[in-house]
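See below for the structure under consideration.
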Amino acid sequence: MITTEVRFSYLNCFEPKENPSGKMKYSASILIPKNDEVGVNEIKAAINAAVQKGIDGNKFTKAHADSGALRIPLRDGDKEFESGDRGPEYRGHFFLNAASDNKPGIVDKNAKPLFDPDVFYSGCYGRADLGFYPYNQAGNKGVGVGLNNLMFTREGDRLDGRQRAEDAFAAYASKTEDGMNEEVSGPAGDLE
């Protein structure tokens, strides 16, 4: 499924990162605004379809699903923020974590390939191409989320605290009377 516009956090899409089980994975935390009823309902429908696929494929039973014993990927950002497990960007959002062994495709808002981590970063907005699947591993049963592709739609405040060089040094930039940057030269003198 393709999400509505979401915000990305803990974005590891250019290089894989070791997960808690020691495997190298590409991953992203996908933040969905709680007031995005269409987006939230589409994700819930994809989760329900994966649960049904798990029941049909004998990964777990309907009783597991009905009892709430399954691990469901859609989580409440407000609750996790209040418990101290997540930052303030999670307030007012549901979220899910998606991962893949393979590098996701990444495109800009015109669907052109994007290779620059300074453009696509934790805090920006976009869409995600996700795959929902049932699992039953080592006694854990639930629905997982595969990360297929990502699309940048617009900038957002960076969540890593880093700022663009243009912004960091704006106060130090030399300006001419017409507002253009003057060329900065080295020390005067003959270098030969």
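Quick note: the coordinates plus some simple rules give every number you see, no bench work behind them. Quick caveat, the model's predicted, so the values are computed rather than measured. Note that each Cβ is placed from the backbone with ideal geometry, even for glycine, and that neighbours are counted across all protein chains shown.
On the beta carbon distance between residue 4 and residue 103, with R0 = 25 Å, the FRET formula returns roughly 0.60. Distance between the pseudo-spin-label points of residue 80 and residue 56 (7 Å out from Cα toward the beta carbon): 2.9 nm. Considering all C-alpha pairs of the stretch 6-172, those separated by over 24 Å amount to 41%. Within the straight-line cut-off of under 29 Å between alpha carbons, the lysines reachable from residue 109 are 17, 25, 34, 44, sequence neighbours fewer than 8 places apart in one chain being disregarded. Subtracting the Cα-Cα distance of residue 163 and residue 48 from their residue separation scaled by 0.36 nm leaves 37.4 nm.
Each of residue 175 and residue 63 was given a label point 7 Å from its Cα along the Cα-to-Cβ line. The distance between the two points is 7.3 nm. Can you tell me how the stretch 102-178 classifies by the Cα gyration tensor, rounded, prolate or oblate, using a/c under 1.5 as the rounded cut? The shape class here is prolate.
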